[in-house]
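The values are calculated or read from the model by the stated rules, or taken from the named source; none is laboratory data. In this text, all values refer to a predicted model and were calculated from it rather than measured experimentally. Cβ placement follows ideal geometry from the backbone for every residue including glycine, while neighbour counts extend to all protein chains displayed. Keep in mind that these areas ignore ligands, DNA and RNA; they rest on the heavy atoms of the full protein, side chains included. Shrake-Rupley method; radii C 1.70, N 1.55, O 1.52, S 1.80 Å.
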Amino acid sequence: MKSKPISYETLQPHEVQMLPQRVRVRLGEGADEQGEWMVFHVSWPFSQIVDRLNRLGSVPKMRSWRPNSAADLDRILTWLAADRSDVERDLAIDNLAARREYLNDTPTLTAAQIHRMSGLATRNESEPASRWKKEGKTFAVRLGRRDLYPAFQFQDGKPRPVVRDVLTALPADMTPWQTAFWFASGNGWLDGAEPQGCLEDSLRIVEAAGRLSEPAIG
């Protein structure tokens, strides 16, 4: 069955003044005086999507973010309209906020930047980054349709050997984002230091990575 379209009407200033006071007070609190007033009528719970948009807008860096394509916008709208519980929705947004904060704090490189850095004389800008990732020498986190490689993994245009050893020692079922957060989080086996700052101490960092695979006791 085809969904009914959203019906809406923009209110003129004199029409806004005709609204019940409780409505004007509730909607006008903290609102920009130059903002647009509109009335909507929909056949489905539009209010849930508005709540999710407001929640999403509270994520750092999201206020200035714009979709790169119609496909990006479709994915956002699909996510907003999905029938998820409040807990699932909050977890998803908190996870997005953590990823945005990570990318804000941790320098990353694109495949094209790695290509130039490596000095490889080929036209394929996905090389050697994609090959190094496939070989387990590096890892990348996904943002939209792009792979971003945390820059700490590289030295003199090549992957640090210790990174491969660490990735091998970490549990095989860890996602790239879980791996990124592990490198960027304080670690008790490293006296509270972040693994990505301890790459010179290869033995300790590899041992710390292997500790994650040990069964919990107690």
Checklist entry - In whole Å, how far is the Cα centre of segment 179-206 from that of segment 133-166? => result 16
Checklist outcome for this item: Residues meeting the amide H criterion for Leu120 (H placed from the backbone, H to H distance under 5 Å, 5 or more places apart or on another chain) are none
Item to check | Stokes-Einstein D for segment 115-211, Kirkwood Rh over Cα pairs, 20 °C, 1.002 mPa s (µm²/s) | outcome: 153
Item to check | segment 102-199 - accessible surface per residue (Å², probe 1.4 Å) | outcome: 54
Item to check | Loop-located trypsin sites (Lys or Arg not before Pro) in segment 140-218, at most 15 other Cβ atoms within 10 Å (DSSP) | outcome: Arg145
Next on the checklist: So for each of 14-26, 167-179, 107-119, 128-140 I average, over its residues, the number of other beta carbons within 10 Å; can you give me the resulting order with the highest mean first?
Outcome noted: 128-140, 107-119, 167-179, 14-26
